[in-house]
Structure formats: C-alpha cells, structure tokens
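To start, the structure itself, in structure tokens.
The values are calculated or read from the model by the stated rules, or taken from the named source; none is laboratory data. What you are looking at is a predicted structure, and each value in this text was computed from that prediction instead of being measured. In this analysis, Cβ positions are derived from the backbone assuming ideal geometry, glycine residues included, and neighbour counts consider all displayed protein chains.
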Ligand SMILES: Cc1cc2nc3c(=O)[nH]c(=O)nc-3n(C[C@H](O)[C@H](O)[C@H](O)COP(=O)(O)OP(=O)(O)OC[C@H]3O[C@@H](n4cnc5c(N)ncnc54)[C@H](O)[C@@H]3O)c2cc1C
C-alpha cells in the first residue's frame, strides 16, 4: 500500500500550512464561555472568508468541493498548527452534512454560508430526560398546523443552545407511532416565542449545555428537513457524522502532540521506569496507532463514495478511550506541583463526558457487536417498559 502524497496533495498541504502559519492566533486566556464564543466566531469567520471552512461542500454552497483526502490533509495541518477548534462545531460537523444529504437546494443555500462563517451557531435538540441512548423513545411532539408545526416538549444536554440561532430538533410528528416511526426533523429558530433555555453546570464548572423547554413553538413548513415522518433516517445521518467518521486525522494529530509532550515530561522527571506510568503512556500510544490505521481504511472508503456507517461507532469508542487514558496519564506524569496541573485536571474532568456525549461507550459496543461483528442482537426492552 502506498500512503505517500501526490505532488498535488503536497502542494495543497503546503497551501494550508502557509495560510495557517500566517493567521493562527492563540485563543483568549479567559474562562468566560461567552467571551470564548465571541472570539471563536471571529476566528471562524476569518477562516471561512479565506475558504477554509466546509472545504468538502460543493462550490455552489461556499465550499471547495475538496476530496476526502484533502479534508484529511487539512484536518492534520489544522491540528498541527495548534489552532483552536471551531466554535460552530454542531453547525459544521452535524447540521451541514445533514442538510447536504437530506435538505433541499434552497435550504442549503439559505443556511450553509452562515454556518461556515459562524454568523449562525447551531445546536442539536435530540436528547430528552427520558430519551438519550434510547433516542427513539423521545416524546417531544410536532403537531401540524397551518403553514407549519407546533413543537411541545423538553430537550436536555443541548450544547451551546444559549448561543444558537437554530436547533436541529427531532420530534414525533405522527401521533400513535412508537420507536423510529413517525418522527420528523425540524430546524427551529432558537429565538422563537415559547422556547426557554436553562443552562446546566458541568463538573468542569462550565455551563456549555442546557435544558430547552418547548411550549407551542411555531416552526414553518420550509424548515422541515427530509420528508415528514421520515426523521429517523435524517437523524441517523447526523449521528453517523457526530460519531467521528468525518474528522479523520484531526484528533490523532492533536493527541500525538499531547503524547509527545508527556513522554518528554516523563523522561525529564526520570519517571519512564515506573511501570504503571509507562503502561498508561504505552496504552495511549497504542490506541493512537490503532486509530490512525483505522482512519486510513475509513478514508479509502470515503474516497470510494461510501457514506459513514456503523464503523463510526468504533471511531467514537476508540477516541473516547484514548482521550480518557491520555488525561489520566497526564495527571500521573505531571503531579500536583506542575504548573500545567490546572489545565490537565480540567481536561481530565472534561474527558469523563467523552464516553457519554454522542452516544455512550456501552451503546457503541452494542452497535459494533451487532452491526460490524454480526453477533446476535442484544435483547430489546418491551416498548413502554
Ligand atoms: C458533554 C455533553 C454534551 C452533550 N450535548 C448534547 C447536545 O448538544 N444535544 C443532544 O441532543 N444531546 C447531547 N448530549 C446528550 C448525550 O447524547 C446523551 O447523554 C447520551 O446519548 C446518553 O444518554 P443519557 O444521558 O440519557 O443516558 P442513558 O441513556 O439514560 O444511559 C444511562 C446509562 O445506561 C447505559 N445504557 C443505556 N442503554 C443501554 C443499552 N441499551 N445497553 C447498555 N447500556 C445502556 C448507558 O451506557 C449509560 O451508562 C450531551 C452529553 C454530554 C455528556
């Protein structure tokens, strides 16, 4: 197998690197989420103006029509440059691929440019108090009214809802249906009358996610994505992209940098001979190499025009294990007297959410068992039990 880049690909990588070297700035040193978001919007707008956001989107929607390999090259260069992650992650990683796969050309034209520039931040209104892993058990209702829909219900854990202009909302639009039948995906303007957003504080001390209450919220007909009643297929696209198949090479380059710094720090402290510590570092390294190998395979599937499938569960699982191992190893290496302790203990706290957000590790293991390994299906609880 030849993994070397062609001349065109090397030229593309160099173009990306040159732009990033001239433009990347460190984010502000603040713990205030609103300030971080304001800075993130300015940074993302700058990237978008230079044509470096949504590079794989069609040119008519502001993209470059980049190939999966070019996206991977871009992701690697972006991570290596140390640039901050994009503030409108839900817009770019979830909403955009969902709109491109299921939206009308008019919806794509209307919404994609402002997603790229972070003028409109998006959020994902899927989880509910009684429907997380069992998303199809959701109870939020979409009731058909003249020219649109009325939403009634409650969502929870909605990241960035307090900054969002639009939310991708999965709701039950056909009364009397259960499970994945009779759902619809609607784009909700988050400043609509009837929406109440209450922030929830996480163990890191930030309040990135929220409860969202919907009381007779009007959503116009042209905000329905895909066909009414077929929302499960639309939401499945969102979930496949959320689980990571769309960002090969970004996370591993970021983690490679962290790991190299930790090895150096452990060596400086003469700690590499401590068996538990070296085991933790080697574990993190092995996960990284396995993820990279898998990403090459994913990339070759994407290059053949295949959509991300159940293998995204494997990426999600490996990434969350890796991030948790690495955060633990960092605390073991650094010790509480290190000036970097504060940053890493916060990262350690954050890493706990990695095996929950976007679908828990238990659920990913079930998907891998059933849909990749072909094992017998897990018993399903009775409907309503
Ligand atoms: C930081 C963060 C950000 C988030 N952002 C968003 C967002 O923006 N939008 C959004 O819609 N949601 C968001 N979520 C919600 C996330 O998708 C859910 O938390 C997740 O799907 C799990 O659902 P749950 O919390 O209801 O847990 P539950 O589904 O109640 O699970 C509880 C426990 O039971 C286990 N379990 C459940 N079912 C099974 C099963 N069938 N087999 C084996 N074990 C099982 C789970 O693994 C877990 O350990 C976010 C979550 C976090 C942590």
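Evaluate the following for residue 291: is it within 25 Å of residue 357 (Cβ to Cβ) and crowded, with 16+ Cβ neighbours inside 10 Å?
It is true that residue 291 is within 25 Å of residue 357 (Cβ to Cβ) and crowded, with 16+ Cβ neighbours inside 10 Å.
Looking at (1) more than 16 Å from the ligand (Cβ to nearest atom); (2) closer than 26 Å to residue 133 by Cα; (3) assigned to a loop (DSSP other than H, G, I, E, B); (4) at pLDDT below 85, which one does residue 382 not meet, given that it meets all the others?
(1)
Quick check on this structure: which one of 157, 122 is over 22 Å from residue 221 (Cβ atoms) and within 16 Å of the ligand (Cβ to nearest atom)?
After applying the criteria, what remains is 157.
Check residue 85 against each of (1) out of contact with any helix residue (DSSP H, G or I) (no Cβ under 7 Å at 6 or more places or on another chain); (2) modelled with pLDDT under 95; (3) within 13 Å of the ligand (Cβ to nearest atom) and name the one condition it does not meet.
(3)
Determine which member of the set 68, 58 is surrounded by 18 or more Cβ atoms within 10 Å (Cβ to Cβ) and over 27 Å from residue 162 (Cα atoms).
68 is the lone residue from the list that is surrounded by 18 or more Cβ atoms within 10 Å (Cβ to Cβ) and over 27 Å from residue 162 (Cα atoms).
Report whether or not residue 355 is within 17 Å of the chain's Cα centre (by Cα), on the phi < 0 side of the Ramachandran plot, modelled with pLDDT of 85 or more and surrounded by fewer than 21 Cβ atoms within 10 Å (Cβ to Cβ).
So residue 355 fits the description; yes.
Of all residues in segment 165-204 being without any contact (Cβ under 8 Å) to a residue 60 or more places away in the chain and closer than 30 Å to residue 342 by Cβ, which is nearest to the ligand (Cβ to nearest atom)?
Out of the qualifying residues, it is 200.
Condition first: surrounded by fewer than 16 Cβ atoms within 10 Å (Cβ to Cβ) and within 14 Å of the ligand (Cβ to nearest atom). Now tell me which residues in segment 312-351 satisfy that.
Hit for segment 312-351 is 349, nothing else.
Filter segment 262-277 down to the residues that are free of Cβ contacts under 8 Å to residues at least 12 places away in the same chain, surrounded by 13 or more Cβ atoms within 10 Å (Cβ to Cβ) and not in a loop (DSSP other than H, G, I, E, B) and list them by number.
Within segment 262-277, none qualify.
Give the residue that is farthest from the chain's Cα centre (by Cα), with candidates limited to residues of segment 219-248 that are crowded, with 17+ Cβ neighbours inside 10 Å and part of a strand (DSSP E or B).
219
Go through (1) at pLDDT 95 or above; (2) in a loop (DSSP other than H, G, I, E, B) for residue 43 and report which single condition fails.
It fails just one condition, (2).
Given (1) more than 19 Å from residue 360 (Cα to Cα); (2) surrounded by fewer than 23 Cβ atoms within 10 Å (Cβ to Cβ), where does residue 95 come up short, assuming only one miss?
Evaluating residue 95 over (1) more than 19 Å from residue 360 (Cα to Cα); (2) surrounded by fewer than 23 Cβ atoms within 10 Å (Cβ to Cβ) leaves (2) as the failure.
Which condition from (1) at pLDDT 95 or above; (2) touching a helix residue (DSSP H, G or I) at 6+ places or on another chain (Cβ under 7 Å); (3) surrounded by fewer than 17 Cβ atoms within 10 Å (Cβ to Cβ); (4) over 26 Å from residue 118 (Cα atoms) is the one that residue 199 breaks?
If we test residue 199 against (1) at pLDDT 95 or above; (2) touching a helix residue (DSSP H, G or I) at 6+ places or on another chain (Cβ under 7 Å); (3) surrounded by fewer than 17 Cβ atoms within 10 Å (Cβ to Cβ); (4) over 26 Å from residue 118 (Cα atoms), just (4) comes out false.
May I ask you to say which residue of 309, 359 is away from the ligand (no atom under 16 Å from the Cβ), touching a residue at least 24 places away in the same chain (Cβ under 8 Å) and not in a helix (DSSP H, G or I)?
The unique qualifying residue is 309.
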